Amino acid sequence: QLSAVFNYAVKYYGLSSNPCRQAGSMGKKDADSMQIWTLDEFNKFISFVTKPAAHLAFEILFWTGIRSGELLALTPEDILPDKKISINKTYARLDGEDIISEPKTPKSIRIIPIPDFLYDEIWDYINRLGSIEKTDRIFYFSKGFLNNEIKRVSKKAGVKEIRVHDLRHSHASLLIEMGYSILLVSERLGHEKVETTLNTYAHLYPNKQQKLVEGLQNLKIDPQ
């Protein structure tokens, strides 16, 4: 937005140049290369997670692709009877204080359908908590706990170490491998623009064009 303002000033008000161009973008355009777990790798990892809360948290992250802050903000009332999760807030711990705020972007507010097994796992866990209120957080820890657990258990399970956020990438990768459209993946992840999803995961589509061509070929051979 700031760069756009300076471009306007260059065009209409005689500013010699846009200083944003010299400063460059904030951060790296291409973040550190993402790593993902395949389904086999995740299954191996999760079999070594013995803490019930951590086990459920990692299951939700892998099978839904939600952000860790969205996970940690979940309350029982967010687990809907029609087997969907309502994402409507996010959690962070700043200077020792628990902060609940609105999600990252308007598109982050979304309803995510979940498979039966995950819905059952969530409610089995909630019911074991006993006196939890419908507006209480389901998980009592912060992201730091998840970071420590994924490092510790990865070594124990003998799988490559990835970041907690990479479980989100792993979910997207799984959906793409299953053949779902980039638009559907984008909606599920809560990206503001489908271009964000495409730019992030385009490298996972190298064989999709060939499959597309093969599909067209099959239609020509057998139009029925």
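Rounded to the nearest 0.05, the FRET efficiency derived from the C-beta distance between Leu184 and Tyr8 at R0 = 41 Å is 0.65. For segment 43-84, the Cβ-based charge dipole about the Cα centre amounts to some 220 debye (Lys, Arg positive; Asp, Glu negative; other atoms uncharged).
Heavy-atom accessible area for Ser108, with the other protein chains in place and a 1.4 Å probe, reaches approximately 0 Å². For the chain, the residue among Ala54, Tyr13, Ile138 whose Cα projects farthest onto the positive side of the dipole built from Cβ charges is Tyr13.
The list (i) 17.3; (ii) 17.9; (iii) 20.1 gives values of Kirkwood radius over Cα pairs in Å, and only one came from this structure; which label was calculated from it? After the calculation, the listed value that fits is (iii).
Assign unit charges at the C-beta atoms only (+1 for Lys and Arg, -1 for Asp and Glu), then state the dipole size of segment 62-182 relative to its Cα centre in Debye, rounded to the nearest 20.
500 debye
Exposed loop sites were defined as chymotrypsin sites (Phe, Trp or Tyr not before Pro) in DSSP loop states (anything but H, G, I, E or B) carrying at most 15 other C-beta atoms within 10 Å; in the chain the longest segment without such a site runs 49-139. Exceedance of the 30 Å cut-off in Cα-Cα distance is limited, within the set Lys107/Lys134; Lys51/Lys89; Lys44/Lys143; Lys51/Lys193, to Lys51/Lys193. Heavy-atom accessible area, probed at 1.4 angstrom with all protein chains present, ranks Met34, Met178 as Met178, Met34, highest first. Can you find, among Ser170, Ser181, Val213, the residue farthest towards the positive end of the dipole of segment 134-224? Put +1 on the C-beta of Lys and Arg, -1 on that of Asp and Glu. Selected residue: Ser170. Hydrodynamic analysis of segment 128-224 uses the Kirkwood radius over alpha carbon pairs. Inserted into Stokes-Einstein at 10 °C and 1.306 mPa s, it gives a translational diffusion coefficient of 93 µm²/s.
Karplus-derived 3J(HN,Hα) values for segment 99-109, using 6.51 cos²θ - 1.76 cosθ + 1.60 with θ = phi - 60°, are 10, 10, 9, 5, x, 4, 9, x, 5, 5, 7 Hz; glycine and proline are entered as x. Across the options Phe45, Pro113, Leu71, the greatest Cα extent toward the positive end of the charge dipole of segment 43-180 (unit charges at beta carbon of Lys, Arg, Asp, Glu) belongs to Phe45.
Relative to the Cα centre, what is the charge dipole magnitude of the chain, using +1 at the beta carbon of each Lys and Arg, -1 at the beta carbon of each Asp and Glu, and rounding to the nearest 20 debye?
I would put it at about 740 debye.
Viscosity 0.692 mPa s, temperature 37 °C: Stokes-Einstein D of segment 50-104 from its Kirkwood Cα radius, in µm² per second? Approximately 273 µm²/s, per Stokes-Einstein.
The values are calculated or read from the model by the stated rules, or taken from the named source; none is laboratory data. It should be emphasised that the depicted structure is a prediction, and the values quoted were computed from it without experimental measurement. A quick note on method: Cβ atoms are made from the backbone with ideal geometry, for glycine too, and the neighbour counts reach across all protein chains shown. These area figures cover heavy atoms from the full protein model, side chains too; ligands, DNA and RNA do not enter into them. Shrake-Rupley method; radii C 1.70, N 1.55, O 1.52, S 1.80 Å.
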